[in-house]
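Visitor: One structure is given below, represented as structure tokens, and several questions about it will come after.
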Amino acid sequence: MNMPFDGPTARSPESRPQVRPVHRPTGPAGEHLREVALFVALHLGRAPGVLWPEHDHPLLGDGDGDGADDGGEPAATPDLDALAAQITAVTGLAARPAPVGVPPGHLLVHQIAGAATWNIVGAGDDGRDASLRYRLRAGEVLYVPDGWARAAEPAAGARWTVVVLTP
């Protein structure tokens, strides 16, 4: 995803929440967080989507940047509080680690290891019903809007983190 971060963020009708970055991230996670902020700005409150980030986040992956589960040791359990704080800073949205399961709210799912298929059902911003299936592989990010039903079908060894976003 190659888009400038310094340009305007999502402009949308008043009924749709907006991303309002608090600061520009730096360091090893900075590029990944900028990609996530742009991705959320485009999708927040509209429709699900998948991000294939060009940059890894040190908390989330093996650092090889290929987004594939290459059979090595899965990433250690990430510091979800730190990740949520970083997402809050780059989006201006309240972010918190999700409890176990598939909680309500706007979700950002970061696939850490293996693969999982997500079944998502809801109505898009155009009001039409949609039923979608996304296959996430290690390194990929899924956004699911609040109000959409979702269920995961994990493959053996699949691991992901979920952060709940609140405008």
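Visitor: What order do 134, 143 take when sorted by accessible area (1.4 Å probe), most exposed first?
Guide: So the residues, ranked largest to smallest area, are 134, 143.
Visitor: For region 77-167, state which trypsin sites (Lys or Arg not before Pro) are in a DSSP loop and have at most 14 other beta carbons lying within 10 Å of their beta carbon. Could you put the intermediate results ahead of the total?
Guide: Details: sites: 128, 133, 135, 137, 150, 159; in loops: 128.
Here the trypsin sites (Lys or Arg not before Pro) that fit, given the DSSP loop and packing criteria, are 128.
Visitor: Taking the Cβ-Cβ separation of residue 126 and residue 85 as r and a Förster radius of 41 Å, what is the calculated FRET efficiency to the nearest 0.05?
Guide: Values: r = 34 Å, r/R0 = 0.83.
With R0 = 41 Å, the Cβ-Cβ based efficiency is 0.75.
Visitor: Taking amide H atoms as placed 1.01 Å from N in the peptide plane, list the residues 5 or more away in sequence, or in a different chain, whose amide H sits under 5 Å from that of residue 94.
Guide: 166
The values are calculated or read from the model by the stated rules, or taken from the named source; none is laboratory data. Everything numeric in this text was worked out from a predicted model, so none of it was measured. Glycine gets a Cβ as well: all are built from the backbone with ideal geometry, and neighbour counts include every protein chain shown. The accessibility values were calculated without ligands, DNA or RNA, using every heavy atom of the protein model including side chains. Shrake-Rupley method; radii C 1.70, N 1.55, O 1.52, S 1.80 Å.
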